[in-house]
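Step one of this worksheet: look at the structure below.
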Amino acid sequence: MTNTINPLIETGQIIPAFTLPGADGMPHSPWDYKQRQHLILLFTRSTVSSETHGLLRTFAKEYSAFREEECSMLAISPDTVFANLHSLEALQLPYPLLADPKGEIISKYTHWDATTHSFNLSIVLVDRYNTLYQQWIARSEGELPSVEKLLESLRYLNRQCTP
């Protein structure tokens, strides 16, 4: 699967800083994980859609495998904190679900249309120093990498970071 949509951030660059409210009532930032864990940022469409529920469930089901590779995850949606809280509870997600209803952060990571509040899905893999390791931008969920591909990337990244 080849990504034909150009990323907004170059590999090796420090990712843009942000803090967003989570459905758990707490603020979350990639800097909370810096120098401790790798991080996956999942930019997903509205959490009220069944397609998004399926994607969030897939990552929830495999979250322990990501944790074994010293990786955490933040999911970011254009929904409100309240809408995300409903999805977080319904899906019993083990990772934070963050709200960005104005798309201020989403637009720094993927192609955001402010008029329609639509954007391309994106998965961003960040190393423990908050530099972009890999990014996938897709028009549909079928174009995103599989969980196994993400785990392979994490294993490789861990081999590179371990003396």
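What the table below lists for this structure:
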| read-out | value |
| --- | --- |
| Test: residue in the range 87-95 that is part of a strand (DSSP E or B) and either closer than 24 Å to P16 by Cβ or over 14 Å from the mean Cα position of the chain (by Cα) (or both) | no |
| When residues of the range 42-70 are limited to those that are open to solvent by 70 Å² or more (accessible area, probe 1.4 Å) and over 17 Å from Q92 (Cβ atoms), the one nearest to the chain's Cα centre (by Cα) | R45 |
| Cβ pairs under 6 Å, 6+ apart, first in the range 123-142 and at positive phi and assigned to a loop (DSSP other than H, G, I, E, B), second open to solvent by 30 Å² or more (accessible area, probe 1.4 Å) and among the β-branched types (V, I, T) | N130/I14 |
| Pick from the range 27-36, criterion in a loop (DSSP other than H, G, I, E, B) and under 14 Å from the mean Cα position of the chain (by Cα), ranking: surrounded by the fewest Cβ atoms within 10 Å (Cβ to Cβ) | S29 |
| Qualifying residue in the range 105-115 (condition: of a type in the set (F, W, Y), closer than 21 Å to Y33 by Cα and open to solvent by 30 Å² or more (accessible area, probe 1.4 Å)) | no |
| Some residue of the range 75-89 being surrounded by fewer than 17 Cβ atoms within 10 Å (Cβ to Cβ), over 16 Å from Q134 (Cβ atoms) and among the small types (G, A, S) | no |
| Any hit, the range 62-73, residues being among the hydroxyl-bearing types (S, T, Y) and closer than 19 Å to N120 by Cβ | no |
| Filter result (of a type in the set (D, E, K, R) and under 20 Å from F66 (Cα atoms)) within the range 110-140 | D127, R128 |
| Failed item in (1) out of contact with any helix residue (DSSP H, G or I) (no Cβ under 9 Å at 6 or more places or on another chain); (2) assigned to a helix (DSSP H, G or I), with L56 passing the rest | (1) |
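The values are calculated or read from the model by the stated rules, or taken from the named source; none is laboratory data. Predicted model, so just to flag it, every value in this text is computed and none were measured. So basically every Cβ, Gly included, is an ideal-geometry build from the backbone, and we count neighbours across all protein chains shown. These area figures cover heavy atoms from the full protein model, side chains too; ligands, DNA and RNA do not enter into them. Shrake-Rupley method; radii C 1.70, N 1.55, O 1.52, S 1.80 Å.
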